[in-house]
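Before any comments, here is the structure.
Readers should treat all values here as calculations from the given coordinates under stated rules, not as data from a laboratory. Owing to the predicted nature of the structure, the values given are computational and were not obtained by experimental measurement. Backbone-built Cβ (ideal geometry, glycine too); neighbour counts: all protein chains shown.
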Amino acid sequence: MAFPTPEWDLALFKLINMQWRNDVFDFLMPIFSDRMMVWVIAIPLLLITGIKTKKWRHLLIGLAIIGATVGANDIGTNIIKDSVGRVRPKDAIAQSYHYSYKKAEWLQRPANFIQTDDHGSSFISGHASNSAAAVVMAMLLWPKLRSFLWILPLLIGYSRVYLAKHYPLDVLGGWAFGICISLILWKVLLHRFYPSWDEPEKQISEQQS
């Protein structure tokens, strides 16, 4: 059941989508919001890591685990979307800006725009949820990456509001859901099947002691 938009949620949306606009973000945010962007970033990182560590088996297992986690998370996200049915801000807010990937241009709703849809898929943000789930699982698999991985879901989440695809609350809800799904799957099941990066080092240390 859709819920009314909190005042802070609407106010923050208008700041990001309408007032904090600039030419640089108009160019970058559609890129960060593109699902292919994740692979453009992830594949080079995996190749670099594989070349440096020579642990290709670990990488492939880790990639499969992340893929399975995102898949499970996406199913849960869609269930929530269908159950809540919150209309996207681009289809609800007059004068909101949104990007048309088909036309490759920015469009703005007129001042007299009136919402006609009564059911949508705004809450929760699938992009935010999936990116958070992937990053948390990657952090659990490869702890040394923790220093910078969170940049990706932060940029993706911001881009979804900038493009009027979601309210800030949708993004926050997506991040929270993705984090919870990854932590639950890791604690309950996945950590038992993934070999530790430090396994050889631990064995050497134990033998020396």
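List of remarks:
- Taking 25 Å as the limit for the C-alpha separation, the pairs Lys102/Lys165; Lys165/Lys187; Lys55/Lys187 exceed it in the case of Lys165/Lys187.
- Sorted by Cβ neighbour density within 10 Å, fewest at the top, the residues Trp142, Trp175: Trp142, Trp175
- Among Thr116, Thr69, Thr5, a tally of other beta-carbon atoms within 10 Å of each Cβ gives an order, fewest to most, of Thr116, Thr5, Thr69.
- Taking every alpha-carbon pair in the stretch 7-197 and binning the separations at 10 Å intervals from zero gives 9, 34, 32, 17, 7, 1 percent.
- Note on Arg21 and Asp118: their simple-model spin labels are 3.1 nm apart, each label 7 Å out from Cα toward Cβ.
- The order of His166, His119, going from fewest to most other C-beta atoms within 10 Å of their C-beta, is His119, His166.
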